[in-house]
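Student: Shown below is the structure under consideration.
Read-outs throughout are calculated quantities, based only on the coordinates presented, and are distinct from any laboratory measurement. These numbers come from a predicted model, not from an experiment. Here the Cβ is made from the backbone with ideal geometry for all residues, glycine too, and neighbour counts use every protein chain on show.
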Amino acid sequence: MIGIGANWSVDDKQPWFGYGFSTILSPDGKVLATAKSIHGSEIIYATIPTAEPAR
């Protein structure tokens, strides 16, 4: 199973918590990619390992 945690972004500090740092995890829990900033837009990419198709 692969984990992708997407979160929204904001341009300025907000009075609430819970924005930024979207992350993509591998099946073994290794962080493949994560956003580096709290404020502003950012796109992250990762190569996601897949299983061989069943024959």
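Student: Non-local amide H neighbours of L32 (under 5 Å, H modeled in plane, Pro and chain starts lacking H): which ones?
Tutor: HN-HN under 5 Å from L32: I24, L25, S26.
Student: Sticking with this structure for a sec: First select every other residue whose beta carbon is under 12 angstrom from the beta carbon of P49; then total the charges, Lys and Arg +1, Asp and Glu -1.
Tutor: Spelling it out: positives minus negatives among the neighbours equals -1.
Student: Mind listing the long-range amide H neighbours of V10? Cut-off is under 5 Å, sequence gap 5 or more, other chains count too, H placed in the peptide plane at 1.01 Å from N.
Tutor: G40
Student: Per residue of the range 27-36, what does 6.51 cos²θ - 1.76 cosθ + 1.60 with θ = phi - 60° give for ³J(HN,Hα)? Whole Hz please, x for Gly and Pro, Karplus curve as stated.
Tutor: With coefficients 6.51, -1.76 and 1.60, one gets x, 8, x, 6, 6, 8, 7, 8, 5, 9 Hz.
Student: What distance in nm separates the two pseudo spin-label positions at K30 and Y45, each 7 Å out from Cα along the beta-carbon direction?
Tutor: Those two pseudo-labels are separated by 1.9 nm.
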